[in-house]
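Structure record follows, encoded as structure tokens.
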Amino acid sequence: MPQFELARGSTFIPNSGIASKPMSASVLILISTLCLLPRLGWSFDPVLPTATIPDLSSYVAQTTPDSLIKTVGFCMDHKPYEPATGLGNSFDFGVEATVVQPPNDLAAALRSLAATASGGSSDSGASAASSTTLPFVPSLRVHLRRGFGERLDIGVSSLYIPSTIPYAGNSLWLGGDIKYMIYKQEEGVNVAVRASYNSNNLILQYTGYALSLKTVTITPQFIVSRKIGFADPYLGIGYHYTYGTVRATVPSPPITLLPGVSIAPVSLSLDGRGTDLFFFGGISLLSIIRLRLTLEGGYNPSGGNYMGTKLGFTL
């Protein structure tokens, strides 16, 4: 259990309401003297101490930050929504909307955090986690893509939430990818390799509570597609590697130590990482007016299944 350090020789244990050692007589005499100074016409402006809570990182299981980092890194990753076929020298603009199932171990991570916040009660932790577990995580991005010849494509995607938006203001998603066709046929199967990089900075704030999750995700992929007229169906396999940091700040706990003694806000910083193998498939449809609609779904054995669409123009 974390302890607050008050003074040399005395330690305050939260929720006990008592100090582990009584204050010395000299401390009591000092406090009495300070109380008498105003009556004698003397003024004294002490600098009141601030109790700080030690680093709580050791009280949180490593699986908890790993699960949170995996959820943000995998669910909010850069997804190109592109077949193996190249764009040529075209330019593509689109808007993506995706829903992702959180990894299977997210619920256990939330139960662990809720139990820690409630003082170690597994029943209250499970109850809190059951009310906060999300069935899916939505993601929205704007995509820009440019083809350089028949084999090479480069794409970027991003979403920024302005500071005026409550709860998640100043959050930023930014990613990109490079795709290269290693096998090309005019009327047949096309094969490409793709590597993507994504950076997320998710900031959540609510009535004094602050949670920041910064992740970096690297995703190599292998794609096979076959263009048939206006349709281009494709299948692929990819590997996620993500790492990042979880930082949390909560308001000062409502504990009275001594009159005028305040408690600093509780802060926590944890590093996490995760990997997974996933499979995906979709179809890209291009109309005669150059309007392009892509539908894609993905499967992950450890959770993180997704489905989404990208709608845009190819010029």
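Which residues, counting only those in segment 97-153, are of a type in the set (Ser, Thr, Tyr) and at pLDDT below 75?
Correct list: Ser112, Thr116, Ser118, Ser121, Ser122, Ser124, Ser127, Ser130, Ser131, Thr132, Thr133.
Which one of the conditions (1) basic (Lys, Arg); (2) over 19 Å from Arg145 (Cα atoms); (3) touching a Phe, Trp or Tyr at 6+ places or on another chain (Cβ under 8 Å) does Arg194 fail to meet, given that it meets all the rest?
(2)
Could you identify the single residue in Ala248, Ala264, Ala210 that is surrounded by fewer than 14 Cβ atoms within 10 Å (Cβ to Cβ) and either in the same structural domain as Cys75 (by TED's automatic domain parsing) or modelled with pLDDT under 90 (or both)?
Only one candidate passes the filter, namely Ala264.
Any residue in segment 149-170 that is in the same structural domain as Val216 (by TED's automatic domain parsing) and under 28 Å from Ile223 (Cβ atoms) sitting within a Cβ distance under 6 Å of a residue that is part of a strand (DSSP E or B) and among the aromatic types (Phe, Trp, Tyr)? List the pairs, counting only those 6 or more apart or interchain.
From residues that are in the same structural domain as Val216 (by TED's automatic domain parsing) and under 28 Å from Ile223 (Cβ atoms), the pairs are Arg151/Tyr180; Leu152/Tyr180; Leu159/Trp173.
Filter segment 276-298 down to residues that are modelled with pLDDT of 95 or more and hydroxyl-bearing (Ser, Thr, Tyr) and give me whichever is surrounded by the most Cβ atoms within 10 Å (Cβ to Cβ).
Residue satisfying both the conditions and the ranking: Thr294.
Checking Ala195 against (1) modelled with pLDDT of 95 or more; (2) more than 23 Å from Ser158 (Cα to Cα), only one condition comes out false. Which one?
(2)
If you check Leu277 against the conditions, is it within 17 Å of the chain's Cα centre (by Cα), within 20 Å of Ser199 (Cα to Cα) and either of a type in the set (D, E, K, R) or assigned by TED's automatic domain parsing to the domain that holds Ser225 (or both)?
Criteria not met by Leu277.
The values are calculated or read from the model by the stated rules, or taken from the named source; none is laboratory data. Note that the structure is predicted; figures quoted are calculated from it, not measured. Because the Cβ atoms are built from the backbone with ideal geometry, glycine has one as well, and the counts that use them run over all protein chains shown.
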